Amino acid sequence: MQTVIIIGAGPAGLTAAYELLKKSKKYKVIILESDSQVGGISKTIKYHNNYMDLGGHRFFSKSEEILELWREIMPVQGKKSFDDKVLGREKRLEKDGPDPERVDNTFLIRDRVSRIYYLKHFFDYPVTFNFETLKNLGFFRVVSCGFSYLKACIFKRREISLENFYINRFGKKLYKMFFKSYTEKIWGRDPSKISALWGSQRVKGLSIIKIVKKALHIKSKDKETSLIESFYYPKYGPGQFFLEMEKKIMEMGGVIKKNSPVIKVNIKNKKIISLIYKENGKEKEIRGDIFISSMPLKDLVDSFSIKVESNIKEIAANLPYRDFMTVGLLVKKLNLVNTTKIKTLANIIPDCWLYIQDNSVKLGRIQIFNNWSPYMVDKPLDTVWLGLEYFCNESLDMWNMKDKDFVNMAIDELVSMDIINKEDVLDYHLERVKKAYPAYFDSYKDIDKLIDYLNKIPNLYCVGRNGQHRYNNMDHSMMTSIIAVRKIINNDKDKTDIWNVNTEEVYHEEK
């Protein structure tokens with residue numbers, strides 16, 4: 001029996017363990033996880049009977065293999081959820097599926113609603129050319145945007161930067177209104193300094209032509225990343241799914257060691273022979289035959305026991321990340337009025353999240369957990385539970401602010417935008433997440449050299465968002481592990497397919 005050691009119990013690491021144990025009896029599987037809870041950035045935080053999703057994790061995929069895996073772990077609802085019953089909403093329910101009012105291990109079927117909050121008005125996300133948009137922008141802005149777009153069509157820019165990518169598709173005016181500020185908030189630098197590859201990965205196929213077609217009800221063959229309209233969502237947030245996966249892994253004989261960060265990777269004769277990790281403050285060694293890593297590439301290479309070529313070490317050391325802070329804020333009510341036709345509990349706005357384009361505040365996005373799942377809020381009829389998302393770097397002042405000071409800043413920003421009244425705040429909780437977003441600039445341009453170097457270690461498989469330094473969605477991260485497991489079981493040494501997940505130009509998450 002071979003021992004497979006997996007670094008990290010996020011979506012990719014857990015999927016690798018689950019697939020190995022399910023498909024073969026030849027492997028002893030051990031996961032080393034640095035945190036006290038599985039799920040990585042997709043975990044759910046419970047605070048005073050309210051649940052926080054760290055980032056808004058929709059379960060949607062074009063891959064039937066991924067959908068089958070999800071439904072194995074968590075069946076889809078067969079009866080109406082609390083809010084659908086109260087509001088009389090109809091849903092296409094799963095035959096013989098569980099009743100979410102009685103069964104916890106349940107996927108809810110949720111509708112995607114997200115908008116941009118700009119100039120104290122709501123705009124569809126992505127931007128659509130409807131009457132509401134034209135009214136909120138005003139006549140002169142609309143005309144200016146139109147001419148700007150025509151100019152962009154005539155004078156195409158070389159797509160050497162994310163800025164040029166957006167301007168080619170929307171024109172300079174719309175780019176500045178709806179893309180520049182938010183992108184700077186996420187990545188901490190001007191889009192002119194970011195590779196266009198980020199755009200091709202996260203906004204595949206989206207353009208003003210597609211938006212106009214949608215407004216005119218002209219069907220398009222492809223669904224873009226930002227246009228997917230419904231998804232599965234666990235009753236108590238994404239972390240619940242991964243806790244269920246953890247249970248199944250342990251039932252099949254897998255071992256998950258939490259609070260066990262890997263600090264050293266021992267390599268001999270070009271193969272990994274063991275890992276050094278910390279457990280209860282003591283260093284321990286664990287030997288294995290095959291190693292699957294979802295830890296950040298920067299940390300992985302830095303932990304190698306051998307001397308790494310200077311250029312490879314430099315590429316890994318300079319791979320950039322953005323860290324993430326989110327405030328769970330419980331309030332009595334919002335000042336924002338629901339003017340849509342969508343029914344909601346307590347008639348709050350229907351959005352799962354709002355993108356904040358206002359560059360006078362640092363806030364990037366607001367999640368409204370009531371709309372993700374009514375079960376995530378202790379009193380969904382009487383309170384609104386928000387997730388205020390901020391993007392930063394560990395070394396910056398914002399990350400190092402005292403919790404209370406940071407939360408007060410966040411509250412003041414919401415008040416300044418007329419979203420809440422200060423006296424309506426009831427409670428708060430702050431979470432910090434390191435290396436949440438791998439970024440496509442600095443040494444990323446040379447990542448192929450690093451990939452080639454890592455692929456020469458025959459018993460190492462790199463998977464997941466941080467394990468590949470790719471800004472993947474959850475289904476992509478899990479797919480990298482499914483393919484890696486297939487390679488391991490079939491003794492296939494070619495790792496190209498693992499790295500090729502989510503590199504095609506056409507977005508592949510929607511059927």
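The values are calculated or read from the model by the stated rules, or taken from the named source; none is laboratory data. Model, not experiment: these values are computed from the prediction. Cβ: placed from backbone, ideal geometry, glycine included. Neighbour counts: every protein chain shown. For accessibility, only protein heavy atoms count, side chains too; no ligands or nucleic acids. Shrake-Rupley method; radii C 1.70, N 1.55, O 1.52, S 1.80 Å.
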Solution diffusion estimate, µm²/s, Stokes-Einstein, the range 344-392, Kirkwood Rh from C-alpha pairs, 25 °C, viscosity 0.890 mPa s
213 µm²/s
Explain nothing, just compute: Karplus ³J(HN,Hα) = 6.51 cos²θ - 1.76 cosθ + 1.60, θ = phi - 60°, for every residue of the range 256-270 in order, whole Hz, x for Gly and Pro.
10, 9, 8, 6, 10, x, 7, 10, 8, 10, 8, 10, 9, 6, 6
Can you give me the angle between helix 238-251 and the longest principal axis of the chain, using Cα atoms only, in degrees from 0 to 90, rounded to the nearest 10?
20 degrees
Measuring from the longest principal axis of the C-alpha atoms of the chain, the long axis of helix 139-154 (C-alpha) lies at a number of degrees, nearest 10, equal to 50 degrees
Among 17-29, 248-260, 163-175, the order from most to least packed when residues are scored by Cβ within 10 Å on average
163-175, 17-29, 248-260
Keeping all protein chains in position, work out how much accessible area R287 exposes to a 1.4 Å probe, and write it in Å² to the nearest 10.
150 Å²
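Restricting to Cα atoms and excluding each atom paired with itself, what does the Kirkwood estimate give for the chain in Å?
Hydrodynamic radius (Kirkwood, Cα only) of the chain equals 24.1 Å.
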If N is the residue count of the range 316-361, its Cα Rg over 2.2 N^0.38 Å rounds to 1.76
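How much accessible area per residue does the chain have, counting only protein heavy atoms and a probe of 1.4 Å, in square angstrom?
44 Å²
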With R₀ set to 45 angstrom, the calculated FRET efficiency between the beta-carbons of Q2 and R102, to the nearest 0.05, is 0.60
If the viscosity is 1.567 mPa s and the temperature 4 °C, what Stokes-Einstein diffusion coefficient in µm²/s follows for the range 22-118 when Rh is the Kirkwood radius over Cα pairs?
78 µm²/s
Whole-angstrom gap from the range 423-469 to the range 336-370, using each part's C-alpha centre:
28 Å
For the range 377-419: Kirkwood Rh in Å [reciprocal of mean 1/r, alpha carbons]:
12.3 Å
Suppose we take every Cα in the range 303-447 and form the convex hull; what volume per residue is that in Å³?
156 Å³
Give me the number: length gained by fully extending N359 to L87, i.e. 0.36 nm times residue separation minus the C-alpha to C-alpha distance, one decimal in nm.
94.3 nm
Calculated FRET efficiency, I263 and F140, Cβ-Cβ r, R0 51 Å, to nearest 0.05?
0.30
Roughly how compact is the range 56-184, stated as its Cα Rg over 2.2 N^0.38 Å to two decimals?
1.51
Taking the 0 to 90 degree range and rounding to the nearest ten, how far is the long axis of helix 64-73 tilted relative to the main principal axis of the chain, both from C-alpha atoms?
80 degrees
Just from its helices, what would the mean residue ellipticity at 222 nm be for the chain, if runs of 4 or more DSSP H residues each count -39500 (n - 2.57) and the sum is divided by every residue, rounded to the nearest 500 deg cm²/dmol?
-9000 deg cm²/dmol
Karplus-derived 3J(HN,Hα) from phi for the range 323-328 (6.51 cos²θ - 1.76 cosθ + 1.60, θ = phi - 60°), whole Hz, x at Gly and Pro, runs 8, 9, 10, 9, 9, x
In nanometres, the difference between 0.36 nm per residue of separation and the alpha-carbon distance of N500 and W399 is 33.0 nm
Only residues of the range 265-288 count here: report those whose backbone N is under 13 Å from the spot 7 Å along Cα→Cβ of K28, or say none.
286-288
Starting from the Kirkwood radius over alpha-carbon pairs of the range 362-474, derive D by Stokes-Einstein at 20 °C in a medium of 1.002 mPa s and give it in µm² s⁻¹.
122 µm²/s
For the range 260-331 and the range 52-125, compute the distance between their C-alpha centroids and round to whole Å.
35 Å
R0 = 51 Å: FRET efficiency of N408 with K271, Cβ-based, nearest 0.05?
0.45
With 0.36 nm assigned to each residue of separation and the Cα-Cα distance removed, L119 to D302 gains 61.3 nm
